[in-house]
Every structure is written in C-alpha cells, then in structure tokens.
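Derivation of every value follows stated rules applied to the coordinates shown; laboratory data play no part. Everything numeric in this text was worked out from a predicted model, so none of it was measured. No Cβ is skipped: glycine too gets one built from the backbone with ideal geometry, and neighbour counts run over all protein chains shown.
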Amino acid sequence: MVSPTTDLTNSTSIFTYPFKKQLWKRIVQAKILNQAAVLTEMGLSAGPLPSYAKTVLSGDTDNREGAAASAYFKALITNGTRRNSMQSSALDYGYSVLRAGIGRAAVGGGWLVSQGLHHHSVYNAFNLVDDLIEPFRPLVDLIVMSYGVAEPLGQRDKALLARVFEHVMTIDGKRCGCQQCIETTLSSLRTAVLEKDPKRLLLPELKGLEMVTVE
C-alpha cells in the first residue's frame, strides 16, 4: 500500500510528473468554475471563465489560472485591485484561516505537506496545502463580498471569516460543510494515488452561500 507521505517531488514515485500535472489541471478547473459561480451569485457575468475552465491543459501550461484570476477580480472588485482595495485585508485574512485549516487536516492525515503537486518552493513548508486550497478560495471571496467585509477589520469580521469551515459546498454530488469537503478532498487524493487515476480526486463546487444546519 502506498503511504500518504510519498514524496511528491520524486519522479520515480507514484506521483510522477505527468500524474501531478493532471491533478493540477483538475484543481485549476475547479477553482475557475468556483470563481465563475461567485460572479453569478453576485449578479455579475461569468465572462470568459467557463470557457477558460474547459480549455485548461495538463499542468495548466498556458496559465488559464492567471487569465481567469485577472478577469475574475476585475469583475468582482470595482474599486481597486485584488492587492489594493478595501477588501484586500479581508481576503488575505480569510485565505490564511482556510490555509491553516487545510494544513491541520493534511498533517493530521499523514501527508508530507512540504511536497506539492504544482507549488514546489523549498522555502515553503506547505506546498501541498497551497495546491489544495485553490478551489476553496472562492468561498472566502463570496463571504467577503456578500457580507461587505472591508477594512478596517473588526473582531466581528474576523469571527465571520473564521467560520468559513461552516459554510456549505458540494462535493461528489453531496452538500456538506467546507471542513468535510476538505477531508473528502484529502481522502480522494489518497484514492487517486492508490489507483493511479487523477480523476478520482474530488474537489468542491460552490453553489450559493449557506451555513451548515445544526440539528
């Protein structure tokens, strides 16, 4: 049985370079489709994003991710840019919360998180986390824009963003909380490794803004 801590950078391992490129393609496609869903939810045109998602190549060698991000944030943030707007701090805070949560789940699941699929910096101890976070990022965007979270961030704003894991997403046709989606993605990555099939990687879909109902 293949250990989940297999070195992702080792070309002789189950994570061969072509295999990693196929996994990254799926991650980028899911991210772009979720960005399109955010624009639709905000009453905006998805523009070229659905087309970009359909034309992502293995390894995203023509950088559809970058092109989609440019079109997406231009449509989403009208007063400023992704890096310089009233929403920038809120987005960064939300992403950091999400990254920490994915990191905890991945480390707890035994993954060697320093070894990524696409991210590969020797100075980054969480390359795999920075790969897997991508399709989850648009959930933070939707929370920030829907609730009008902007600078300066107050304690209520931070508390709202800290509840990102309680928001509902769809994965494998099932509606569940973001935290469960993260765990499903990690579990399915292990299945993809064992079966040598990148299509077994399950990724979240964003369909509206809804909190997990506690019965």
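So how do Asp60, Asp197 line up by other beta-carbon neighbours within 10 Å, fewest first? Walk me through the intermediate numbers first.
Values: Asp60 21, Asp197 12.
Neighbour counts put them in this order, fewest first: Asp197, Asp60.
Suppose every K and R has +1 on its Cβ and every D and E has -1 on its Cβ; what is the size of the dipole of segment 107-215 about the Cα centre, in Debye to the nearest 20?
Working: 11 positive and 14 negative charges, 28 e Å.
Charge dipole of segment 107-215: 140 debye, to the nearest 20.
For the chain, what's the relative contact order in percent, using C-alpha pairs closer than 8 Å and at least 6 residues apart?
Computed value for the chain: 24 percent relative contact order.
What nm value, rounded to one decimal, do you get for the distance between Asn63 and Gln155 when each label is placed 7 Å out toward the C-beta?
4.4
Might you report the magnitude of the Cβ-based charge dipole of the chain about its Cα centre, with Lys and Arg at +1 and Asp and Glu at -1, to the nearest 20 debye?
Dipole size: approximately 260 debye.
Can you return the lysines within cross-link range of Lys174? Criterion is Cα-Cα under 17 Å, with same-chain partners fewer than 8 residues away left out.
Lys174 reaches Lys207.
Per the helix-only calculation at 222 nm, which mean residue ellipticity applies to the chain, given -39500 (n - 2.57) for every DSSP H run of n ≥ 4 and division by its residues, nearest 500 deg cm²/dmol?
Computed mean residue ellipticity for the chain: -16000 deg cm²/dmol.
Which of Tyr147, Tyr93, Tyr72, Tyr123 comes first, and how do the rest follow, when ranked by fewest Cβ neighbours within 10 Å?
Ranked by crowding around the Cβ, least crowded first: Tyr123, Tyr147, Tyr93, Tyr72.
Quick check for segment 20-124: number of Lys pairs with alpha-carbon distance under 19 Å, counting only pairs 8 or more apart or on different chains?
7
State which helices in the chain qualify, where a helix is a whole DSSP H run, it must extend 15 Å or more along its own axis by its Cα atoms, and its mean Kyte-Doolittle hydropathy must be at least -0.5.
17-41, 64-76, 88-108, 137-147, 178-195
For the chain, rounded, prolate or oblate, judged on the Cα gyration tensor with a ≥ b ≥ c (square roots of eigenvalues), a/c < 1.5 rounded, else prolate if a/b > b/c?
Since a/c reaches 1.5 and a/b is larger than b/c, the shape of the chain is classed as prolate.
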